Amino acid sequence: MKNESCDERVVIFIDGSNLYHIVKKLVPEKKSNDFDFEKFVKYLIKDRKLVRVYYYNCPMDRRNGEEGYIKQQKFFDKIQKLPNFTFVLCRMQKNKSTNMYEAKEDDIHLAVDMVKLAYNDAYDSTILVSSDGDFVPAIQAVKEKGKNVENIGFENKFSYHLQQMCDKFVKLRKEVDEQFFN
């Protein structure tokens, strides 16, 4: 594992839907739009150099609730204005068997970007904010390139496989998460 220093370049990848649902269950008394991503990022990188934060999410189906859709759009606007943030909007697709909409392409976009940027030497370390074990193959590819991989999980949900694969695993607890709300 590389030493944390001011010269260490860090890229953060956030699985937006995963983060939203986990934090909503962990801290239900807080409003998700009050989550302070700048505080969260500073907490994650400490004294290292932030290269960029990539945030992946999908839009809600407007037909399933205008109010929720509008709230989400305001949240997306807020994310897009943050310094050093790249917002990646993916798509929703209707599952014909369940008649429900599902996020599509968000995990694959995140995994491809993580691997591509590792191979382009854009970072020394990456922080994956997700509890989705499907990212293990991407993490293996990033580590093969000699990059350090950290995973941020949560006390109410984390992936054992991600925890085992990453160089560092941090399990955030409710009392830590509460500090990231305005």
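The values are calculated or read from the model by the stated rules, or taken from the named source; none is laboratory data. What you see is a predicted model; the values in this text were computed from it and never measured. Please note: Cβ atoms are built from the backbone with ideal geometry, for glycine as well, and neighbour counts cover all protein chains shown.
Mind telling me which of the residues SER125, SER97 ends up being of a type in the set (S, T, N, Q) and either under 24 Å from LYS30 (Cα atoms) or without any contact (Cβ under 8 Å) to a residue 12 or more places away in the chain (or both)?
Step by step, each of SER125, SER97 is checked, and only SER97 is of a type in the set (S, T, N, Q) and either under 24 Å from LYS30 (Cα atoms) or without any contact (Cβ under 8 Å) to a residue 12 or more places away in the chain (or both).
Say we look at the stretch 87-102 and pick out the residues that are among the aliphatic types (A, V, I, L, M) and within 21 Å of the chain's Cα centre (by Cα); which of these is modelled with the lowest pLDDT? Write out each step before concluding.
Step one: list which residues in the stretch 87-102 are among the aliphatic types (A, V, I, L, M), which gives 88-89, 92, 100.
Retained after the next criterion (residues that are within 21 Å of the chain's Cα centre (by Cα)): 88-89, 92.
Numbers: VAL88: 91, LEU89: 87, MET92: 67.
Per the criteria, the residue is MET92.
Scanning the stretch 34-72 for residues that are loosely packed, with under 15 Cβ neighbours inside 10 Å, out of contact with any strand residue (DSSP E or B) (no Cβ under 7 Å at 6 or more places or on another chain), basic (Lys, Arg) and farther than 17 Å from ASN151 by Cα returns LYS39, ARG62, ARG63.
Taking the numbered list (1) at pLDDT below 85; (2) on the phi > 0 side of the Ramachandran plot; (3) surrounded by 12 or more Cβ atoms within 10 Å (Cβ to Cβ) in turn, ASN84 passes all entries but (1). Of all the residues in the stretch 144-182, those that are over 13 Å from THR126 (Cα atoms), aromatic (Phe, Trp, Tyr) and assigned to a strand (DSSP E or B) number 2. Restricting attention to the stretch 12-60 and to residues that are among the acidic types (Asp, Glu) and more than 12 Å from the chain's Cα centre (by Cα), the residue that is farthest from VAL136 (Cα to Cα) turns out to be GLU29.
With the condition kept exactly as written, say whether any residue in the stretch 156-163 is farther than 29 Å from GLU29 by Cβ and of a type outside the set (Gly, Ala, Ser).
Taking the stretch 156-163 as the starting set, the residues that turn out to be farther than 29 Å from GLU29 by Cβ are 161.
Narrowing the set further to residues that are of a type outside the set (Gly, Ala, Ser) leaves 161.
Scanning the stretch 156-163 turns up at least one residue that is farther than 29 Å from GLU29 by Cβ and of a type outside the set (Gly, Ala, Ser).
So which residues in the stretch 164-182 are within 16 Å of LYS25 (Cβ to Cβ) and over 15 Å from the mean Cα position of the chain (by Cα), if there are any at all? If the condition is that a residue be within 16 Å of LYS25 (Cβ to Cβ) and over 15 Å from the mean Cα position of the chain (by Cα), then ARG173, LYS174, GLU175, VAL176, GLU178, PHE181 are the ones that fit.
Do we have ARG9 as touching a Cys at 6+ places or on another chain (Cβ under 9 Å), over 23 Å from ASN182 (Cβ atoms), of a type outside the set (Ser, Thr, Tyr) and surrounded by 14 or more Cβ atoms within 10 Å (Cβ to Cβ) here? No, not satisfied. Counting only residues that are surrounded by fewer than 22 Cβ atoms within 10 Å (Cβ to Cβ) and at pLDDT 95 or above, the stretch 112-135 holds 10 of them. Per the listing VAL149, VAL142, the residue uniquely more than 29 Å from ASP61 (Cα to Cα), over 14 Å from the mean Cα position of the chain (by Cα), without any contact (Cβ under 8 Å) to a residue 40 or more places away in the chain and surrounded by 15 or more Cβ atoms within 10 Å (Cβ to Cβ) is VAL142.
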